[in-house]
Amino acid sequence: MLNIVLFGPPGAGKGTQSEKLMAEYQLDHISTGDLFRKHLSEGTELGQKAQEYMDEGFLVPDEVVIGMVEDKIQSEPNSNGFIFDGFPRTVKQAEALDRLLNANNTPICCMIALEVPFEELKKRLLERGKISGRADDQSEDKINNRIQVYLDETLPVSEFYKTQSKFNGVNGVGTIDTIFEKICAVIESFK
Ligand code: AMP
């Protein structure tokens, strides 16, 4: 099994690169942001719980996210592996993911961190907001808040993977294909 954490701030290109990785390595994609948006659109209880956090760009509580990811992993018993996109976003989530995967003897192979300057991220998110209609992409204040939450709560997750020698920074500025090639080179080096 090939389990990969695709890490990076909002707007770094995780969703775009995940699509390509799924096709290249026949992996299942677990994007917690997409899963929450699906719950929201279906009006589930979980979606209602998540909405107020998402609209303002705050993190949904760990126990809600971890339970949702656990259900998703268990729903794919024949998977070749997972790309985790937008998860883990806190050290607690990273620890929980390790526990879940170690129980199945299928640890994370590597963590790939897409690195993009903050000014470029803001530009990308405002552009995306015009098309996606996502509430959290609509104002500079909300975008700044998400970047601040990333710096305060999510960036420490990279230290967690550094101590396991699984952290790999990749420059997330360039064409989609050149970034993808660099990501694949990292994955190949861990296979
Ligand atoms: P994303 O699509 O990954 O940018 O996620 C959109 C929003 O969903 C985030 O701003 C959070 O409110 C929520 N969210 C997604 N993934 C997580 C996570 N792993 N932990 C907590 N909240 C999350």
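The values are calculated or read from the model by the stated rules, or taken from the named source; none is laboratory data. It should be emphasised that the depicted structure is a prediction, and the values quoted were computed from it without experimental measurement. Quick reminder, even Gly has a Cβ in these numbers, built from the backbone with ideal geometry, and neighbours come from all protein chains shown. Quick note on the areas: whole protein, heavy atoms, side chains included, nothing else; ligands and nucleic acids left out. Shrake-Rupley method; radii C 1.70, N 1.55, O 1.52, S 1.80 Å.
Testing T106 on (1) assigned to a helix (DSSP H, G or I); (2) touching a residue at least 60 places away in the same chain (Cβ under 8 Å), one condition comes back false. Which one is that? Tallying (1) assigned to a helix (DSSP H, G or I); (2) touching a residue at least 60 places away in the same chain (Cβ under 8 Å), T106 fails exactly one: (1).
Of the helices (runs of 4 or more DSSP H) entirely within the range 3-87, those holding at least 3 residues that are under 26 Å from I143 (Cα atoms), within 14 Å of the ligand (Cβ to nearest atom) and touching a residue at least 60 places away in the same chain (Cβ under 8 Å) occupy 14-25, 45-56.
Yes or no, residue by residue, for (1) small (G, A, S); (2) in contact with a helix residue (DSSP H, G or I) (Cβ under 7 Å, 6 or more places away or on another chain); (3) over 18 Å from N171 (Cα atoms):
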| position | (1), (2), (3) |
| --- | --- |
| C109 | no, yes, yes |
| A113 | yes, yes, no |
| F118 | no, yes, no |
| L121 | no, yes, no |
| R128 | no, yes, yes |
| S132 | yes, no, yes |
| D141 | no, no, yes |
| R146 | no, yes, yes |
| V149 | no, no, yes |
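Only one of the numbered conditions (1) open to solvent by 50 Å² or more (accessible area, probe 1.4 Å); (2) of a type in the set (F, W, Y); (3) closer than 23 Å to M1 by Cα is not met by Y53, and that is (3). For the range 64-84, a residue qualifies if it is open to solvent by less than 20 Å² (accessible area, probe 1.4 Å) and not β-branched (V, I, T), and the qualifying residues are M68, S79, G81, F82, F84.
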